[in-house]
Amino acid sequence: MTDTLQVDIWRGDTNGGSYSRYAVPAQESQTILDVVTWVQRHAEPGLAYRFACRVGMCGSCAMMVNGAPRWTCRTHVRKASKDGKLTIAPLRNMPVVKDLVCDMAEFFDKWIKAGSVFTPTETRNDPMAAIKPDEPDRMNANAAIECINCGVCYAGCDTVEANPDYLGPAALNRAWTLVNDRRDGAGSERLSTISKAGGCHSCHTHQSCAALCPNLLNPTASIAGLKRKTAKAALGLGTRR
Amino acid sequence: MVLGRGAEMLDLRLYLLQRLSAMVMAPLVLGHIGMMIYAAQGGLTASEILARTQGNQWWALFYGVFVLAAAIHATIGLRVVLHEYLKPPPRLLNSVALALFVCLVALGARAIMAVVL
């Protein structure tokens, strides 16, 4: 292991910028977030970046590391770089606010656009819906539900890059969990929303989202589920609601 | 509920049409490859091939359906490529796609007529 890491960090704002190089002391079990924090504390106090929980729960510290989007708090330097060289940049497919901070407004607007809000069919006075853990719909939702909204899949998606209207893997993955929730009452509106231009049929099944998701989710599979569901609905086959 | 009505559902309809045209093409591609191997391995001359195809309505139907399915399938794919790389306004995009479809059908029809008529 080298004693010093050679770290290039993007410095700039909405008008552009460039990489600045920093020499960061290498340590055992060092994460990318540790490296960025070291730079801000010891070399560049004005460096802007986001983080909160540092344990892979909050989804706020994602950045491009050596070309790939990663959750930086759970990514060890050793895993991202073999030769002690790091290039750290703000997430792709989102406008930069400053340095490593990007504007995630559109990313979250697309969640709403994809019908990601749960629409209850019952009130708190009704008995609780009994959904068994091994029901097929529950298992579909389970496979997709642990998303932390970090934006890694969105930044890694070439379809988002080519088609700015595309809702993206995270929003559609969320829609898939609700499509499988029988307590939700907005099923048909949701299927209709995600069938419009930029919806689930825009996905080219590149599977970058599945390869990059830090929580090992498979948004491609969720989107494939939505394609099947919308196709069946369009052909008038077996839709429950 | 039946999805897919209205202009804003065009993407869904094209998605379905591309899958359906692929399903139609799959056996036709195999039949075409088989026929090519048979013709090439058997050493058939051009006139021998034409003798079998000319006036044969089954070959006309086989390749007629093939050309139509291929034109539909390819146009939908090219429309997406054009959309993502050049981002033209929707009306222009659909007009160009329609023109491509007409060209592909015309080329295919010309080829079929050349061997069937």
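Descriptive notes on the structure:
- Sequence-separation-based contact order of chain A, relative, with Cα cut under 8 Å and 6+ spacing, percent: 17 percent
- Lysines whose Cα lies under 27 Å from that of A:Lys132, excluding same-chain neighbours fewer than 8 positions away: A:Lys227, A:Lys229, A:Lys232
- Using the Cβ-Cβ distance between B:Val81 and A:Asp165 with R0 set to 22 Å, the FRET efficiency works out to roughly 0.90.
- Shielding score for A:189-201, defined as the mean number of other chain Cβ atoms within 10 Å: 4
- Computed over chain A, the P(r) tail beyond 32 angstrom holds 29 percent of alpha carbon pairs.
- Portion, in percent, of the accessible area of the protein assembly as shown that falls on carbon or sulfur, probe 1.4 Å: 60 percent
- Here the spin labels are modelled as points 7 Å beyond Cα on the Cα-Cβ line, and at A:Ser18 and B:Trp59 they lie 6.8 nm apart.
- Extending 7 Å from the Cα toward the beta-carbon at both A:Ser29 and A:Leu237 defines two label points whose distance is 5.3 nm.
- Between 0 and 90°, nearest 10: helix A:169-179 axis offset from chain A longest Cα axis: 30 degrees
- With all protein chains in place and ligands, DNA and RNA left out, the 1.4 Å accessible area ranks A:Tyr19, A:Tyr154, B:Tyr63, B:Tyr38 as B:Tyr38, A:Tyr19, B:Tyr63, A:Tyr154, largest first.
- Charge dipole (the protein assembly as shown, unit charges on Cβ, about Cα centre) - positive-most of A:Gly46, A:Thr177, B:Leu44: B:Leu44
- Projected area averaged over orientations for region A:4-102, convex hull of C-alpha atoms, nm²: 5.7 nm²
- Each Lys and Arg contributes +1 and each Asp and Glu -1, all at the Cβ; summed about the Cα centre of the protein assembly as shown, the dipole is approximately 540 debye.
- Between helix A:219-234 and chain A there is an angle of about 30 degrees, using the helix long axis and the longest principal axis of the Cα atoms.
- Hypothetical label at A:Asp3: residues of region A:11-44 whose amide nitrogen lies under 16 Å (7 Å Cα-Cβ projection): A:23-28
- Computed FRET value (nearest 0.05) for B:Leu44 with B:Leu98, which takes r as the C-beta separation and R₀ as 41 Å: 0.60
- Comparing the full protein assembly with the isolated chain (1.4 Å probe, heavy atoms, ligands and nucleic acids excluded), the residues of region B:5-35 losing at least 30 square angstrom of accessible area are B:Glu8, B:Met9, B:Asp11, B:Leu12, B:Tyr15, B:Leu16.
- Expected 222 nm ellipticity per residue - DSSP helices of 4 or more, -39500 (n - 2.57), all of chain A, to 500: -9000 deg cm²/dmol
- Length added when fully stretched, A:His42-A:Asp109, from 0.36 nm per residue minus Cα-Cα: 20.5 nm
- If you wrap the tightest convex hull around every Cα atom of chain B and split its volume per residue, you get 129 Å³.
The values are calculated or read from the model by the stated rules, or taken from the named source; none is laboratory data. Just so we're clear, the structure is a prediction, and the values are computed from it rather than from any experiment. Cβ coordinates were reconstructed from backbone atoms using ideal geometry, including for glycine residues, and neighbour counts include every protein chain displayed. To get the accessible areas, we keep the full protein, side chains included, count just its heavy atoms, and leave off ligands, DNA and RNA. Shrake-Rupley method; radii C 1.70, N 1.55, O 1.52, S 1.80 Å.
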